[in-house]
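Worksheet: one structure, shown below.
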Amino acid sequence: MPTSQIIVTSRFIRSGTKKAKSRRENYTKYIATRESVEKRPQSNTAVTANQTQLINELLKEFTIAKTYLEYEDYSAKPTAENASELISTIIERHAEVIGEYIAPTCTPRPLKLNSCVGADEHFRRIK
């Protein structure tokens, strides 16, 4: 059975000492083995053409993504699940930059009342 990696961030567990390392290991083991953990079956479906195209575009823009663990997983086993994880990770880690590309196209524009059919008639009824 392949091993999974768990990344745990906590402001309450400090790093540095041997005792702290032991606490981190115990806490991670607890999180991974508690009852509420759902073990998802691994999907072996092939990567779609859209995923491949998007990953190539994201890797051109954010070359640092090639250092991510998700990229290593995707390179070792290019499945749709690994591709989805890589895309999600790149978008999450670079949301502020990606938001600059998306924001100008999503801004709402003011609606001109004169361009609406029957706008004057509608406002007359409200008054």
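The values are calculated or read from the model by the stated rules, or taken from the named source; none is laboratory data. Since the structure is predicted, the reported quantities are computational estimates derived from the model, not experimental observations. Heads up, the Cβs are rebuilt from the backbone with ideal geometry, glycines too, and the neighbour counts pull from every protein chain shown.
If you scan the range 35-56, which residues turn out to be closer than 18 Å to Thr79 by Cα and at pLDDT 80 or above?
Thr45, Ala46, Val47, Thr48, Ala49, Asn50, Gln51, Thr52, Gln53, Leu54, Ile55, Asn56
How about the range 48-91: which of its residues are under 17 Å from the mean Cα position of the chain (by Cα) and outside any helix (DSSP H, G or I)?
Hits for the range 48-91 are Phe62, Tyr68, Thr79.
One line per residue, one yes/no per condition, for (1) in contact with a strand residue (DSSP E or B) (Cβ under 8 Å, 6 or more places away or on another chain); (2) not assigned by TED's automatic domain parsing to the domain that holds Ile98:
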| residue | (1), (2) |
| --- | --- |
| Glu25 | no, yes |
| Thr33 | no, yes |
| Ala49 | no, no |
| Tyr74 | no, no |
| Thr79 | yes, no |
| Asn82 | no, no |
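Residue-by-condition table, conditions (1) within 22 Å of Asn44 (Cα to Cα); (2) at pLDDT below 90; (3) in contact with a Gly (Cβ under 8 Å, 6 or more places away or on another chain):
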position	(1), (2), (3)
Tyr68	yes, no, no
Tyr71	yes, no, no
Glu81	yes, yes, no
Cys106	no, yes, no
Pro110	no, yes, no
Asn114	no, yes, no
